[in-house]
Structures are given as C-alpha cells and as structure tokens.
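So the structure is just underneath, and the comments pick up after that.
The values are calculated or read from the model by the stated rules, or taken from the named source; none is laboratory data. Keep in mind that what you see is a predicted model, and the values were worked out from it rather than measured. In this analysis, Cβ positions are derived from the backbone assuming ideal geometry, glycine residues included, and neighbour counts consider all displayed protein chains.
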Amino acid sequence: MPQTDITTALENTFVEDLINAGIVLAVGLAVWLVLHYAIRIVVKRVQADSPVLERRSLRWAAPMLRNIDPVVRALDQERRVQRARTVGSLLNSVLTAVVATVTGFYVLMAFNINVAPLIASVGVLGIAIGFGCQQLIRDFLAGICITLEDQYGIGDVIQTSEVVGSVEYVGLRITRVMGEDGTLWYLRNGEILRLGNRSKGHYQPPAEELPDGGAAPAAAGTAAGGAAPAVAAGPASDTNGQAGEQARTDTQRAEPPAG
C-alpha cells in the first residue's frame, strides 16, 4: 500500500506539473499572439498613413509643391514602408525571443527544475557567442540605429569613404548602394564609420564637377594663351632670318675682288 500511495502521489504531482506547464505555455502563446497582433496593426497603420504633403497642415503649400509632389510622395511612401517593415520585423524577433525564453524558464520551474545553473550556463554561452559573433552583432546594432535615427533611406544619395551612390535597400545588416558608375555595392552597417547624406543637406558639387564645366574655360584659355605666342613667334623668326640673309648678301656684293 505505501508503494502504491507513493506511485499515486508521483503521478498526481506529474499531472499537476504538466497542467501547470500547459497553463504557462498557453499564457505565453496568448501573450505572444496579442503583442504580435499589436505590432502588425501598428506597422500596417504606419504603412497606410497619408504622405506628408497630403496632410491638412501642408495643404496651403500644394500649389508650390505640385511639380515635385509625385516624386516626393513616392520616395516618402517607399521609405516609410521599408522603415515600418524593418522595425516591425525587429520587434517581432525580439518579442519571440523574449517570450520563448521566459516561457521556457517557467515551464522548467513548473516541473520543479532548478533553473539557476541553467541561467548561469546560458549567460556564459551568451558571452561566448557574443565574442564569436561580435562583428555580426555590431552590424545589427548599427542597422538598428540607422533605421531608428533615419540617417538615410531609399533614394538618398550618400557618400562614404568607399563609395558615392544612391541607396536602394536598407537592412539591419547591410545597405545596398548603386554607385555612380553602375556598380552595386553591399555595405555592412557596422563598417560605415563616416557617412554623408547629400539628399538631406544643402549639397553643392565642386567647381570641377559642375555641368557647365567651370574649370574648362580656364584650361581652354591657358591652352589658347600658350598657343598664341607660338603662332606669333613663327613669323617673327622667319622675318629675322630673311633680314640676316639679305645683310650677308649685301656684304658679299660690297667687298672688292681680291687683286
């Protein structure tokens, strides 16, 4: 009888632990679904938001911005959609990792398992992974900062220490840039140490890059000025040579014949 009671007690305890674990899993799943749905609603609302130039506060400027409105609206919409998708994907990933970790620990605790050594082991493993993947983590952190701070977006012309071109894609790990010569560059966000956004500031191309060729007239003038003395010196040299030849001829005629 005592052995039967112990077996029954163990079975009851296991059933209770299993029920508790099931409740924890159900709560974790419910929390994940609710937060995931909230993130999706926010992302969709941001994507469907009206462009800046269509807001009531800027309707007075519509006549002046009529010519650039289609371009600005398209770039602004595409940029906002990509930022919303990137931030939404990041939030979903963080949410999934946090909910899964917390739920897993509570499930282990429901089965009366000591999670303190496990937490210490996970901490050590996290430090090792952090040292091994520090470059990858650096790229992701830089991508998060670039996205949240809106340093640049699709359609912006940026200049780095390596390339100058138009941004085609902004991700959490890499940025895709189309160079001025048509080369497609893939820049790791963690390697972008210095960057200039020509689309946001008041960029003016240097004189040698102006369409009208500001330096070209000076070069042309120099070439013309250098050629002019050469042309002018040609006739002068010929005249001096002819004068010298005529003087020698006159001298020979004036000398008396030797007797």
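Tabulated values for the structure
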| item | result |
| --- | --- |
| Top-ranked residue in the range 183-211 [being in a loop (DSSP other than H, G, I, E, B) and touching a strand residue (DSSP E or B) at 6+ places or on another chain (Cβ under 9 Å); ranked as farthest from L91 (Cα to Cα)] | Y203 |
| Among the candidates A30, A48, A38, A26, residue that is more than 24 Å from V107 (Cα to Cα), at pLDDT 90 or above, loosely packed, with under 13 Cβ neighbours inside 10 Å and out of contact with any helix residue (DSSP H, G or I) (no Cβ under 8 Å at 6 or more places or on another chain) | A38 |
| Any chance I154 is hydrophobic (A, V, I, L, M, F, W, C) and under 25 Å from H202 (Cβ atoms) | yes |
| Filter result for V43 (part of a helix (DSSP H, G or I) and at pLDDT 65 or above) | yes |
